[in-house]
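Student: Here it is, the structure, as structure tokens.
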Amino acid sequence: MSFPKIVAPKLFATSKSKKKGKRNFSTPVKGKIWDRQRGRCDECDKELKHDQVDFDHIKPWSEGGPSTAENGRALCSGCHAKISRKQNSERAAKPKKPKSTWPKLFG
């Protein structure tokens, strides 16, 4: 007697990033974050739906933050947009190092 194969539904969309370094959270990591936060937004505590959640790096990936459950959080789209705007404006406000005008003497 054979039993039908049971396949668990995919709760979170998988990413197809071709970038090196695993920027996006894997499905198991998303599940850990979801369970830790009990399906609520980390900022406003709003109840989240599986298809309307944004997974965010606490320490931004662009600054070396890993895509781990410890560095991840689930946010509603409104909070994610607000945090992203704030981080982008802070990055833009940082003074950039001036390019050296010193002549290249050696090679």
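Student: Could you say whether any residue in the stretch 2-20 is loosely packed, with under 15 Cβ neighbours inside 10 Å and modelled with pLDDT of 95 or more?
Tutor: Within the stretch 2-20, not a single residue is loosely packed, with under 15 Cβ neighbours inside 10 Å and modelled with pLDDT of 95 or more.
Student: How many residues, within the stretch 63-82, are crowded, with 17+ Cβ neighbours inside 10 Å and over 17 Å from Thr27 (Cβ atoms)?
Tutor: Total satisfying the criteria: 4.
Student: Of everything in the stretch 45-62 that's part of a loop (DSSP other than H, G, I, E, B) and surrounded by 16 or more Cβ atoms within 10 Å (Cβ to Cβ), which residue is nearest to the chain's Cα centre (by Cα)?
Tutor: Val53
Student: Check off (1) touching a Cys at 6+ places or on another chain (Cβ under 8 Å); (2) over 24 Å from Lys22 (Cβ atoms) for Leu48 and give me the number that stays unchecked.
Tutor: Among (1) touching a Cys at 6+ places or on another chain (Cβ under 8 Å); (2) over 24 Å from Lys22 (Cβ atoms), Leu48 violates only (2).
Student: Six or more apart or on different chains, Cβ atoms under 8 Å: show the pairs whose first residue is in the stretch 51-70 and more than 15 Å from Gln87 (Cα to Cα) and whose second is hydroxyl-bearing (Ser, Thr, Tyr).
Tutor: Gln52/Ser77; Asp54/Ser77; Ser67/Ser26
Student: Something else now. In the list Gly39, Gly65, which residue meets the criterion of being of a type in the set (Gly, Ala, Ser) and more than 15 Å from the chain's Cα centre (by Cα)?
Tutor: Selected residue: Gly39, the only one of Gly39, Gly65 that is of a type in the set (Gly, Ala, Ser) and more than 15 Å from the chain's Cα centre (by Cα).
Student: Another question, if that's okay. Give the residues of the stretch 35-44 that are assigned to a loop (DSSP other than H, G, I, E, B) and within 14 Å of Cys79 (Cα to Cα), sorted by residue number.
Tutor: Cys41, Asp42, Glu43, Cys44
The values are calculated or read from the model by the stated rules, or taken from the named source; none is laboratory data. Small disclaimer: the values here were computed from a predicted structure and weren't measured. For neighbour counting, all protein chains shown are included, and Cβ atoms are generated from backbone atoms with ideal geometry for every residue, glycine included.
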